[in-house]
Structures are given as C-alpha cells and as structure tokens.
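Enquirer: Have a look at this one.
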Amino acid sequence: MRFVHGQMSFMVNEEQISVEVAYALPDKQMLIPLKVAEGTTAYEAVVQSGITDHFDGIDLASDKMGIFGKQVKDPKAEVLKAGDRVEIYRPLLVDPKEMRLKRAAKAKRLKQEGQEQEKQDTTSEDA
C-alpha cells in the first residue's frame, strides 16, 4: 500500500495470507493456492486466482461461492482468513429434493412389486 506524505511517498508492507480457490467439473478439477492481502474477499481471491481462464463455464456474477463447503451469502463482502478454501459452485442441473422424491417413489414401487411377486410365488406353491 502506498502512502503519500508531502513530497515523500513510502510503501507499507501488507500482511499476506495463504488461501485456495477451487472449482470442479466431473472430469476436471483445479485447486489454486495463492497469497492475498489480509482483508481480501472471497470474490477478490477468485478473480486474483485467474481460475476463470481455465474454465469457460464460470460466471462470477451468478455462480454461488462458499468456504469449505458452506455457502456464503455475499462473496464480495466475505473477508477471508488464512487457510480458507474458496469454492465456486456449479449451478444444479436437478433439484436435490426432487431427486430424493423420485428415488423414494421408485423404491416404494419396487418394494410393492416385490411384495406382489412374493404373493404370486406363494399362491403358485400352494396350488
């Protein structure tokens, strides 16, 4: 950081912290370690990492971000601590709640079909 006092200017060393920026696709993952100034936000760290140069699908304006798996509400305001890992989340293709309901319905149907088959097998043996 540069300070100007009268005709003289001088630099003050900013404290640096180590953080990581992560993004993953099913077939490609990247974890970028970097040093940033104390007070850097999650959003700023992602920009500084250059990770968008490696993945076409990242949209910093809309993609959600988190730190160690916990989504942050406002990446532009979330100040990082030393050792934090900023994660960029891909948009979900399917709603997880909807998928659970579909799996539960399928399991129920298979269970009912199995019980019906068992009844048919039992009546066949009795005949």
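Enquirer: In the stretch 13-65, what count of residues is obtained for those that are among the hydroxyl-bearing types (S, T, Y), in contact (Cβ under 8 Å) with a residue 40 or more places away in the chain and farther than 18 Å from L80 by Cα? Steps first, answer last, please.
Expert: Initially, the stretch 13-65 is screened for residues among the hydroxyl-bearing types (S, T, Y), giving 18, 23, 40-41, 43, 49, 52, 62.
From what's left, in contact (Cβ under 8 Å) with a residue 40 or more places away in the chain: 18, 23, 40.
Cutting the leftovers down to farther than 18 Å from L80 by Cα gives us none.
Count: 0.
Enquirer: Mind checking which residues of the stretch 50-107 are of a type in the set (A, V, I, L, M) and touching a strand residue (DSSP E or B) at 6+ places or on another chain (Cβ under 9 Å)? It would help to see each step written out before you state the result.
Expert: Kept after step one, since they are of a type in the set (A, V, I, L, M), are these residues of the stretch 50-107: 51, 58, 60-61, 65, 67, 72, 77, 79-80, 82, 86, 88, 92-94, 99, 101, 104-105, 107.
I51, I58, L60, M65, I67, V72, A77, V79, L80, A82, V86, I88, listed by residue number.
Enquirer: Right, another one. Taking the stretch 76-94 as the search range and keeping residues that are among the charged types (D, E, K, R) and loosely packed, with under 13 Cβ neighbours inside 10 Å, which one is nearest to D59 (Cα to Cα)?
Expert: Step one: list which residues in the stretch 76-94 are among the charged types (D, E, K, R), which gives 76, 78, 81, 84-85, 87, 90.
When the remaining residues are screened for being loosely packed, with under 13 Cβ neighbours inside 10 Å, the result is 76, 81.
Details: K76: 14, K81: 24 Å.
My answer is K76.
Enquirer: Also, I was wondering about something else. Return the total of residues in the stretch 24-37 being over 18 Å from D53 (Cβ atoms), at pLDDT 95 or above and of a type outside the set (A, V, I, L, M, F, W, C).
Expert: Qualifying residue count for the region: 1.
The values are calculated or read from the model by the stated rules, or taken from the named source; none is laboratory data. Computed from a predicted structure; not experimentally measured. Don't worry about glycine lacking a Cβ; one is built from the backbone with ideal geometry, like all the others, and counts go over all protein chains shown.
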